[in-house]
Amino acid sequence: MGHLDRLRDVFRASLSLPDGTDVDGLEYRAIPQWDSLAHMALVAAMEDEFAVMIDTDEMIDMSSFAHAARLLEKHGVGAAI
């Protein structure tokens, strides 16, 4: 499983979305499930899944799935979408 598929799974699990939900275009607060509390859980899940440390500025700037994918690339995980 590639890193983007793993990231999609992290998003679905952290935001309590059904398996197969399209998250590629998802943006922060675009759905009720992605609120500030879920954002913290999502960041923690990303850190656990990919063994990275996301700093506060990065966490605040992470406003979409696409941005999360670029953030992982910055931390040396795979390539951006």
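At a glance:
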{"quantity": "Alpha-carbon spread of the chain, three principal axes, descending order, Å", "calculated": "30, 28, 20"}
{"quantity": "Kyte-Doolittle mean at least -0.5, axial Cα span of 15 Å or more - DSSP H helices of the chain", "calculated": "36-50"}
{"quantity": "Heavy-atom accessible area per residue - the chain, 1.4 Å, Å²", "calculated": "56 Å²"}
{"quantity": "Estimated dipole of the chain in Debye, rounded to 20 [Cβ of Lys and Arg +1, of Asp and Glu -1, Cα centre]", "calculated": "100 debye"}
{"quantity": "Reduced Cα scattering model of region 33-73, Debye log10 I(q)/I(0), q = 0.13, 0.24, 0.25 Å⁻¹", "calculated": "-0.22, -0.79, -0.87"}
{"quantity": "Positive-end extreme of charge dipole, region 1-61 - chosen from ALA45, GLY20, ALA30 (charges on Cβ)", "calculated": "GLY20"}
{"quantity": "Residues in region 1-21 reached by a label modelled at GLU73 [backbone nitrogen below 14 Å; 7 Å Cα→Cβ]", "calculated": "3-4"}
{"quantity": "Percent carbon-and-sulfur accessible area, the chain, ignoring ligands, DNA and RNA, probe 1.4 Å", "calculated": "52 percent"}
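The values are calculated or read from the model by the stated rules, or taken from the named source; none is laboratory data. The structure presented is a predicted model; accordingly, all values stated were derived computationally and were not measured. Cβ coordinates were reconstructed from backbone atoms using ideal geometry, including for glycine residues, and neighbour counts include every protein chain displayed. Heavy atoms of the whole protein, side chains included, go into the accessibility calculation; ligands, DNA and RNA do not. Shrake-Rupley method; radii C 1.70, N 1.55, O 1.52, S 1.80 Å.
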